[in-house]
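The values are calculated or read from the model by the stated rules, or taken from the named source; none is laboratory data. On a predicted model such as this, the values are computed, not experimentally measured, just so you know. Cβ atoms come from the backbone with ideal geometry, glycine included; neighbour counts cover every protein chain shown. Accessible surface areas use protein heavy atoms only, side chains included; no ligands, DNA or RNA. Shrake-Rupley method; radii C 1.70, N 1.55, O 1.52, S 1.80 Å.
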Amino acid sequence: MAGAVLLCAPAISSATPPPPAPSQTSGPASAPPPAKNDSSKTHPHHKTVQERLVEAEKALALAGNEKTARQLADQAESLRSRSLTGAVRMLLSDSQDALGKHDFQNAEDDLTSAITIQPDQSILRRYRAAVRLAAGDNNGAISDLGVVIQADPGDATAWGMLADAERERHEPDAALRAYKQMMQLDPHAPDADKQLKILQTEKDGQED
């Protein structure tokens, strides 16, 4: 890609283990099941993964320094992938292997299969957008990123990738808008000020 690279998409990783299987009790088979009014489900302070994600995203936007920001960004990323199944994680691993060999088609096919299994997990479309960007399919990447941003508007990485894709399409105005949104969500993103100046210069140059 010509020019400076914008915010890079994180590598698709299968390092995070799938959620553990429910533990098996060693008691008698006739042991009664848990009560339906389980306090873990009804406790007013029990938060869903989505609620915790929104909180992490809000905290990231208000982070006071880069170290805290990166910790919050990692926390948000972990929450986004927390509900991925074992089968989907295997497909992510296969996709990463294919991407490492520059086999973009198989990498994309694996992610498409993963999306079919868990279509409600928007991070999978962000991963596919990263593959499409690497393959030069900017329009396909933008299509995926639109779905991601609709489902998770606080995903700073998705906005940064959108800026990258729009820049590759020679749309500096759209790229600048997307990057400014990314900076609102993650003000301490690495080299953000430098990248913003580059995009602003490109936009101003097009208007001359």
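Here are the numbers for the structure shown:
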item: Segment 71-123: C-alpha gyration tensor shape, a/c 1.5 cut-off, then a/b vs b/c; result: oblate
item: Net charge contributed by nearby residues that have their C-beta within less than 14 Å of Thr157 (K/R +1, D/E -1); result: -3
item: Counted charge near Leu53, where neighbours are those whose Cβ lies closer than 12 Å (Asp, Glu -1; Lys, Arg +1); result: -1
item: Carbon/sulfur fraction of accessible area - segment 49-207, other protein chains in place, 1.4 Å, %; result: 49 percent
item: Formal net charge of residues neighbouring Arg126 (Cβ-Cβ distance under 11 Å; K, R +1; D, E -1); result: 0
item: Vicinal HN-Hα couplings computed from phi for segment 88-102 (Karplus, 6.51 cos²θ - 1.76 cosθ + 1.60; Hz; Gly/Pro x); result: 5, 5, 5, 5, 5, 5, 5, 5, 5, 4, 5, 5, x, 9, 6
item: Shape call, segment 137-208: gyration tensor on alpha carbons, a/c limit 1.5; result: oblate
item: Simple Cβ-charge dipole of segment 49-207, Lys/Arg +1 and Asp/Glu -1, about Cα centre, in debye nearest 20; result: 320 debye
item: Dipole of segment 62-208, positive end: most advanced residue of Thr116, Gln206, Ala174 [Cβ charges, Cα centre]; result: Thr116
item: Proportion of all alpha-carbon pairs of segment 49-207 beyond 18 Å (%); result: 61 percent
item: Accessible area in square angstrom per residue, segment 49-207, 1.4 angstrom probe; result: 49 Å²
